[in-house]
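Reading through the structure tokens given below for one structure.
Just so it is clear, none of the values below were taken in a lab; they were calculated from the coordinates. Everything quoted here is computed from the prediction, not taken from an experiment. Using ideal geometry, Cβ is built from the backbone for each residue, glycine included, and neighbour counts are taken over all protein chains shown.
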Amino acid sequence: MKGIYLVTDRKACLGRPLELIVEQAARAGAACVQLREKQASTRDFLDRARKLKELLAPFDIPLIINDRLDIALAVDAHGIHLGQSDMDPETARDLLGPRAIIGLSVETWEDVEAARNKDVNYLGVSPVFPTPTKTDTKTPWGLEGLQRIRRRLDLPLVAIGGLDSSNAEQVIRAGADSLAVVSAVCSAEDPFAAAKKLVTIFQNNYRENP
């Protein structure tokens, strides 16, 4: 899991079709897309997941479903992202299989320590900076917190929370293997250009973490 990781937010799209934003990010070189639909009905969530999976297939970009294992199973998504109050990763792995991508958010140091023994593919470090798109999170990790997690774990780290082109380089150098962005792309006047700029920053600054 390395690169720009787009997390969807229909409200952040400013009235534009979500599919348009996702396609622009895909064309710009995004590495992954997570479909997050906190308010949608199951039927609407399922319909949107099917559309995005079809849209992303030509780009060979994985679709990750936020929280909802039933949706991930129904559309045969590439994986699922889980929060600390969601289904445990072990059960998700049993149901989704060994090839599925399973991500887990960590919001406290206790979460980080517990994650060392969990069968997950990456950790979502949430939030790195304060962000209006996630209001139910704990104290931001900051760059020092991200560095501390990097020193402790070998798992890929996906940084999320308040990320944009102004701080992307700092976050990469602090140990992030991927940058999860929401408003920085979804709310941008030109989503393609915004995503492309982030992709370029990542490519110019990322080095494999030892």
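Over all projection directions, the Cα-based convex hull of region 88-210 averages an area of 8.1 nm².
Using Cβ point charges alone (K and R +1, D and E -1), the dipole size of the chain about the Cα centre works out to roughly 380 debye. What is the chain's relative contact order, in percent, from Cα pairs under 8 angstrom and six or more apart in sequence? The normalised contact order for the chain reaches 23 percent. The ellipsoid that matches the Cα gyration tensor of the chain has semi-axes, each √(5λ) in whole angstrom, of 23, 22, 15, with the longest given first.
Computed from phi, the 3J(HN,Hα) profile of region 85-92 under the Karplus parametrisation 6.51, -1.76, 1.60 (θ = phi - 60°) reads 9, 8, 3, 5, x, 5, 5, 4 Hz, with x in place of Gly and Pro. Each Lys or Arg adds one and each Asp or Glu subtracts one; over the other residues with Cβ under 12 Å from the Cβ of E110, this totals -1. Ellipticity at 222 nm from helices only: DSSP H runs of n ≥ 4 in the chain, each -39500 (n - 2.57), divided by the residue count, give -11500 deg cm²/dmol.
Cβ-to-Cβ counts within 10 Å put I149, I160, I201 in ascending order as I201, I149, I160, the fewest first. Between L95 and K51, the FRET efficiency estimated from the beta carbon spacing at R0 = 41 angstrom works out to 0.95.
Working from label points 7 Å from Cα in the Cα-to-Cβ sense, the A193 to Q170 distance is 2.5 nm. Taking 7 Å steps out from each Cα toward its Cβ at N204 and W109 produces label points 3.6 nm apart.
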